[in-house]
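Here's the structure we're looking at; comments come further down.
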Amino acid sequence: MNQKIPATVITGFLGAGKTTMIRNLLQNAGGRKIALIINEFGDLGVDGDVLKGCGAENCTEDDIIELTNGCICCTVADDFIPTMTKLLERDVRPDHIVIETSGLALPQPLVAAFNWPDIRTQVTVDGVITVVDSAAVAAGRFADDHDAVNAARAEDASLDHDNPIEELFEDQLTCADLIILNKTDLLDAGGIAGVRAEVLSRTHRKPTMIEARNGEVSAAVLLGLGVGTEGDIANRQSHHELEHADGTPHDHDEFDSFVVELAGIDDPAAFIERLKSVIGTHDILRLKGFVDVPGKPMRLQLQAVGSRVDHYFDRAWRPGEARATRLVVIGLHDMDEKAVREAIAALV
């Protein structure tokens, strides 16, 4: 029997730096032929487009598969299993499979899917890697005001104060074999120590943690963990699994996403500065996409987490490609889509 193909699952909250880390991995994979499966949240395949432009010889565009029909943990049977089956039927099979989950996905159901009969004999989960935005954690984005919550509960025990973002963060940590504390260059030593303590307090398991900046982690560290995580999934249950042991399916009604399409942006620097105000006013969790700058031959990529916005020209517009500005907006379910659309449109 042929040796099982190792698969690495890379998860992490919105904007943690998963795509950048994978891009670095593909460009420094030491000759391994890698197949990449990307699960987007939203209708615009931004991450796949970024990775397809990385030019890695060992991971061509045909080796990059995008799943854009929703959270991968909710569509395992409909999307992931058929995708894996087709991948394994190829004449030239990959040396390694890398799966990037959406920032809103639970990794547990995905890992459990590797126990399906058609897959478990051919593929094993080499490891689950959770990428953490250290700067965001240091700013308290995943910490509640526990005193205020306890006071409210004391006044009205029927109130539900669950924080879906906090639970999701903890679930991704609980499933990890390796935790990457990314963006540590934005913190001092004390800040990094605080993030380490915060992360450790969020999971009963104590996986290895390493620090990184700009998603720069050696392929020798990321690949070859050899854990076989699918065999240990019972010890990594998510909040949903613990709370719905009767089999009640979970959903992602806590989050909404939509695409905003705009014309070209003549002054991208001014647009981005004004965009920060819109993000803060409407509590947008994540914003990502591409900007058309008239007169520029290259496309401007834009990635925002809270008020922090990263942007750079990633590649030239292709011949015949329709130039436009397209942004994916992700927020909680009560986000006012109409108001956000109008606010962003007013910036142009």
Inset, instruction - Restrict the check to the range 244-256 and report whether at least one residue is open to solvent by 60 Å² or more (accessible area, probe 1.4 Å), of a type outside the set (Ser, Thr, Tyr) and either in a strand (DSSP E or B) or modelled with pLDDT of 90 or more (or both). - result: yes
Inset, instruction - May I ask you to list the residues in the range 269-287 that are within 13 Å of ILE344 (Cα to Cα) and out of contact with any Ser or Thr (no Cβ under 8 Å at 6 or more places or on another chain)? - result: ALA270, PHE271, ILE272, GLU273, ARG274, LEU275, SER277, VAL278, THR281, HIS282, ILE284, LEU287
Legend entry - Candidate set: the range 261-295, residues that are of a type in the set (Lys, Arg) and surrounded by 22 or more Cβ atoms within 10 Å (Cβ to Cβ); chosen: the one farthest from GLY15 (Cα to Cα): LYS288
Legend entry - For HIS240: the one exception among (1) modelled with pLDDT under 85; (2) open to solvent by 60 Å² or more (accessible area, probe 1.4 Å); (3) in a helix (DSSP H, G or I); (4) under 28 Å from ALA135 (Cβ atoms): (2)
Inset, instruction - For the range 296-348, enumerate the residues that are open to solvent by 20 Å² or more (accessible area, probe 1.4 Å) and in a helix (DSSP H, G or I). - result: GLU337, LYS338, ALA339, ARG341, GLU342, ALA343, ALA345
Inset, instruction - Return yes or no: is ASP49 over 30 Å from GLY194 (Cβ atoms), at pLDDT 50 or above, among the acidic types (Asp, Glu) and not in a helix (DSSP H, G or I)? - result: no
Inset, instruction - Confirm whether ARG213 is modelled with pLDDT of 90 or more, among the basic types (Lys, Arg) and part of a loop (DSSP other than H, G, I, E, B). - result: yes
Inset, instruction - Check LEU87 against each of (1) over 27 Å from THR174 (Cα atoms); (2) open to solvent by 10 Å² or more (accessible area, probe 1.4 Å); (3) at pLDDT 55 or above and name the one condition it does not meet. - result: (2)
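The values are calculated or read from the model by the stated rules, or taken from the named source; none is laboratory data. The model shown is predicted, which means the values in this text are computed figures rather than measured ones. Don't worry about glycine lacking a Cβ; one is built from the backbone with ideal geometry, like all the others, and counts go over all protein chains shown. Side chains are part of the model used for accessible areas, which takes the heavy atoms of the whole protein and leaves out ligands, DNA and RNA. Shrake-Rupley method; radii C 1.70, N 1.55, O 1.52, S 1.80 Å.
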